[in-house]
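Read through the structure below, which is laid out as structure tokens, and then see the notes.
The values are calculated or read from the model by the stated rules, or taken from the named source; none is laboratory data. For clarity, every value in this text was computed on a predicted model and none was experimentally measured. Methodologically, a virtual Cβ is constructed for each residue, glycine included, from the backbone with ideal geometry; neighbour enumeration extends over all protein chains shown. Just so you know, the surface numbers come from the protein's heavy atoms only, side chains and all, with ligands and any DNA or RNA stripped out. Shrake-Rupley method; radii C 1.70, N 1.55, O 1.52, S 1.80 Å.
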Amino acid sequence: MKADPKSINVRGNRQLSRGRSAVWQARLVLLVMINLAQLWILSAAVDAALAKEFQHLTPLVIASAVCWLIALTIFLWWKPAGRGRGSA
Amino acid sequence: MSSDLTNAIDNVSDERDVRVATGPYQAEFPYERDEEAQVTRREFCNFLFLTSSALFVGAAGFSAKSVYDARKENSFAAAEIPGAGEMQAGSALNFKYPNEADSAILVRAKDGSYAAFGQKCTHLSCPVHYSKQNDRLECPCHEGGFDAKTGAVLYGPPPRPLDKVEIEVLGDRIFATGREVRGNES
């Protein structure tokens, strides 16, 4: 007995939609976590500057830059694969 | 939002009445609930990336400015502290030095000696005040305490001593001659 091609197509689309949704959720969660880390880094930088402990500022700025670069890669490249590319 | 869903909401809620009631104010405060609900994941993602950029720029800019300000060489002109000659032992006087924006506090200790400090607490810049009862400078915001003669931290969250204002006593007149930002030597 052959399976109905329409039902296979609907099931495939549903799985594809779930996969895309999961990738989107992951992107958003990662970006939120990066924002929280950067917020902490900013408050630490303000604290260090007020305490005149300037030796701590460079590592904090570098850490913030690394976070920003990760956010940039997520924003530009870590996207759900398109339908035409044959993967979900 | 689809039109069926909009109609369903209109049937079960008082949204229509609210819009009628707020009609006269719509021009000044335009508010559309439909638009509010339409924040897409893509827009939220863009917002998060912009926030990340802003936080990075903020951290880098704040750090650069604080280092630049610390390295900038200041030249101070001597300025008389008005009213300092009439101070009683165990009292304090607020003044501005070197600029109008830089508040400072002159303390005359119980033994008659003078000392002057920047008035901004080194924790989060609240103004400190002289406590005659405890003979120390106290910050009311987060309960920090400083020695009234040296400006050193006695207790609380401040990470470093108060800025020191150099003074010269010439008879009854007292002059401020310089201001020094001190780090944490410990």
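Do we find that B:Glu168 is among the charged types (D, E, K, R), surrounded by fewer than 18 Cβ atoms within 10 Å (Cβ to Cβ), under 23 Å from A:Ala44 (Cα atoms) and modelled with pLDDT of 90 or more in this structure? Criteria not met by B:Glu168.
Within region B:109-124, can you find the residues that are at pLDDT below 90, open to solvent by 50 Å² or more (accessible area, probe 1.4 Å) and more than 12 Å from B:Arg160 (Cα to Cα)?
B:Lys110, B:Asp111, listed by residue number.
Considered as a group, the residues in region A:15-34 that are over 17 Å from B:Thr40 (Cβ atoms) and touching a residue at least 12 places away in the same chain (Cβ under 8 Å) include one that is farthest from the other protein chains (Cβ to nearest Cβ), and that residue is A:Gln15. For region B:141-150, the candidate set comprises residues that are assigned to a loop (DSSP other than H, G, I, E, B) and either hydrophobic (A, V, I, L, M, F, W, C) or closer than 16 Å to B:Glu180 by Cα (or both); within that set, the residue that is least open to solvent (accessible area, probe 1.4 Å) is B:Ala148. Within region B:151-186, being among the small types (Gly, Ala, Ser) and either out of contact with any strand residue (DSSP E or B) (no Cβ under 7 Å at 6 or more places or on another chain) or part of a loop (DSSP other than H, G, I, E, B) (or both) holds for B:Gly151, B:Ala152, B:Gly156, B:Gly171, B:Gly183, B:Ser186.
Screening B:Glu138 on (1) modelled with pLDDT of 90 or more; (2) open to solvent by 70 Å² or more (accessible area, probe 1.4 Å) shows it passes everything except condition (2). With respect to the conditions (1) open to solvent by 50 Å² or more (accessible area, probe 1.4 Å); (2) more than 10 Å from every other protein chain (Cβ to nearest Cβ); (3) out of contact with any Asp or Glu (no Cβ under 9 Å at 6 or more places or on another chain), B:Phe95 lacks only one, and its number is (1).
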